[in-house]
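Just below is one structure, and these are the notes that go with it.
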Amino acid sequence: MSISTNNKWLYTISSNRKFIDFNFEEIWKYRDLMFLFVKRNVITVYKQTILGPLWYLIQPLFTALTFTIIFNKVANIETGQVPSFLFNLAGISVWTYFKSCLTGTSNTFASNAGMFSKVYFPRIIIPLSVVITNLFKFGIQLLIFIGFYIYYYVNGAQIHVNGLIILFPVLVVIMGLFGLGIGMLISSMVTKYKDLKFLIGFGVQLLMYLSAVMYPLSLMREKLPRFAWLVEYNPMAYVVETARFMLLSDGTMSWYGLLYTCVITLIVLFFGILIFNATEKKFIDTV
Amino acid sequence: MSSIILKIENLSKQYRLGLIGTGTLSDDLKRWWYKLLKKPDPFLKVGAVNIRHQKSDSNYVWALRDINIEVKEGEVLGIIGKNGAGKSTLLKILSRITMPTTGVVKTRGRIASLLEVGTGFHSELTGRENIYLNGAILGMTKSEIKQKEADIIEFSGCQNYIDTPVKRYSSGMRVRLAFAVAAFLEPDILVIDEVLAVGDAEFQKKAIGKMQDISRGQGRTVLFVSHNMASVKSLCTRALVLEHGEVVYNGSTDDAVSFYLKGGADLLNHRKFGNAINKEVFHLHQISVKNTNRLVDDAIVEDAEIEIKTFLNFKAPNPEDYHITYHIFNEMGDPMFSFSSTKAPLKQGENIMSCYFPKGFLQSGQYFLSFFFIKDKRKAICIEKDIISFVVADGTRDIGVYMGKEPGYIRPQFEWHNAND
């Protein structure tokens, strides 16, 4: 669909389409729908569960606890001045946000096929609403983090927030867009190659180990210099490391690494939208 | 006088048969190569016309082929056709769910489509929450829905349950609520696919009335696809018939409906047998089923007398020992009743035997006749199964009355008396 330049017609439907068809005006028109999807996502996930929204808190807390026991107490990974639980909680919150953006958007076509085959709206509304839903969850998890932060601070831990924290929202946006980009790429390819579905689950799991979630980037460079490039080429490693630097003044912050992440994000997002657009046009015939 | 709001030009849609979706790499490469040479797509030429029961040589098939339609503002256009004729494909293209292979649709107004009621309903959400979600999916803004919320709830008749999750609703209530949202949609062009086939009689009446308001009262353009000839006849100002992806008829609603009903090779309401059924004692020439005083080519309607004529030559000297019996079956193949020519004895030589069903006796639907030639009232000397089939169409009904199918197959006109008269 393209808006006709000929003002005689409101719009035309044909097989011709623009190379990149990102109609911001139309998405804006459907913003109410996007927020209603967010609302639906938030309130229906834990309906008819006993603990309800508490699950938003339980998941990261127990993961952080497990990581602390396994990686810090058993495997003796050093987290410096920072209490290892707080170190893990920061990493996990950030990583979980990215992960849920990626996995949530990656099944856009598969899980909405029924709706997509019956009604038109800009399909990108769905992945966008997933990212916003996750932003909401991330907000809640950040609140717990702040709670524990205060607890440790009051108990005399040597922690302080870095001044660069004002750039934290930018970091969150980068993460969201990166997850969105990859998710859209995968969601488009899954419609044709269903194998990818199986890859995502454990692929994301593996990626976590390469994203400096449970160890500082410096430790990798020190202990495994030969394989450190694996982590250094992973844009998410810089995001996690930078987030920890902002929140806990721990580790290093590399402007170069961050720039690298931004560039990769933009590239991924560009191709994500491109392929997503191409897929939304013909996926109903191939699903 | 009124301007053209929607124009469909040379619209075609091609599908691939067989393993759709895996799309072979070699076909993709060939396409790409032809594109590079600036030749037309090789697979666009080989597509065969979409005839389901006839196996085609090609792997590609045209679901729609060269459709040209112009719709004027305020028109209610009915689209009828058998299953697989391309109706849904056309609606899907108009609703921007799928793209045409070639051709273009131009519109001057916003199109909203109702291919299903309750798209996106979430069973965990309450009725009210679903009104907002469904409304937004159909293209309304939050403030628009807020304005109409009270009307929607009232129209649905679900006031008591509006804050209960939809999963506790009966399926009927769900449909009511969903239709209510859709009914308050205000696009320039509304595209509707058979959504009226749901709900109880009272609600259907309400729904048809609402549709009437939308099209006549508010002057909105409507494209309406249905199998229900009664509702097409009462709602549409014009209709077209699709067959194998092509428009085969485009004109007045009544003509389109009768064109559709008598079309199709498997429907034979009159047959000449030639020498096919030429037995020792009799020679069957032809059988026809039609409304009395109408032509065999006209559609048979339920609100007129139906005449079944049998033409045969009786050759033996003892015609009084024989008679004809027909068994009538409904479209499910269930036998309904039998009727015999015992009251009108056969004569030697040519016979034209007529049998009449009173008006309104057979309900709309498809029927099959089996022919029996009986000797001595007990022995069938000739049995021809499903010798004739015919379709009885809905008569024109008044606006606002029930448009669906009544239960059963016959509707005899019994006598009624009020003792106080």
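Read-outs: derived from the displayed coordinates by stated rules, not from any lab. Nothing here was measured: the structure is a model prediction, and the numbers come from that model. Quick reminder, even Gly has a Cβ in these numbers, built from the backbone with ideal geometry, and neighbours come from all protein chains shown.
How would A:T191, B:T221 line up from fewest to most surrounding beta-carbon atoms within 10 angstrom?
Ascending number of Cβ neighbours within 10 Å: A:T191, B:T221.
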| task | Mind sorting B:Y132, B:Y60, A:Y238 by how few other Cβ atoms lie within 10 Å of their own Cβ, fewest first? | result | B:Y60, B:Y132, A:Y238
| Descending principal axes extents, chain A, alpha-carbon based, whole Å | 71, 47, 37
| said: Residue by residue through region A:74-79, what is 3J(HN,Hα) from phi via Karplus (6.51 cos²θ - 1.76 cosθ + 1.60, θ = phi - 60°)? Round to whole Hz and write x for glycine and proline. | reply: 7, 8, 6, 6, 7, 10
| query | For the protein assembly as shown, what is the Kirkwood estimate of the hydrodynamic radius, computed as the reciprocal of the mean inverse distance between distinct Cα atoms, to one decimal in Å? | reply | 30.6
| message | How shielded is A:114-126 by partner chains, expressed as the average number of their Cβ atoms within 10 Å of its Cβ atoms? | response | 5
| request: Please give the average number of partner chain Cβ atoms lying within 10 Å of the Cβ of each residue in A:45-56, rounded to a whole number. | output: 1
| task | Work out the mean other chain Cβ neighbour count within 10 Å for the residues of B:115-123 and drop it here as an integer. | result | 4
| remark: Burial-style ranking of A:245-257, B:305-317, average other-beta-carbon count within 10 Å with highest first, yields A:245-257, B:305-317
| request: Pick out, in residue order, every one of the chymotrypsin sites (Phe, Trp or Tyr not before Pro) in region A:196-236 that is DSSP loop and has at most 15 other C-beta atoms within 10 Å; say none if there are none. | output: A:F227, A:Y233
| task | Provide the net charge surrounding B:G333, with neighbours chosen by a C-beta distance below 11 Å and charges set as Lys +1, Arg +1, Asp -1, Glu -1. | result | -2
| note | Other residues with Cβ under 13 Å from the Cβ of A:V45 give, with Lys and Arg +1 and Asp and Glu -1, a net charge of +3
| Anchor B:K206: lysines whose Cα lies under 23 Å away (excluding residues fewer than 8 positions away in-chain) | B:K146, B:K148, B:K233, B:K405
| note | Which of B:K272/B:K359; A:K194/A:K281; B:K7/B:K82; B:K13/B:K92; B:K347/B:K379 exceed 21 Å between C-alpha atoms? The answer is B:K272/B:K359; B:K7/B:K82
| Net charge, A:E222 excluded, C-beta distance under 15 Å - Lys, Arg +1, Asp, Glu -1 | 0
| request: Rank these for me by crowding, B:V301, A:V94, B:V281, B:V248, going from fewest to most other beta carbons within 10 Å. | output: B:V248, B:V281, B:V301, A:V94
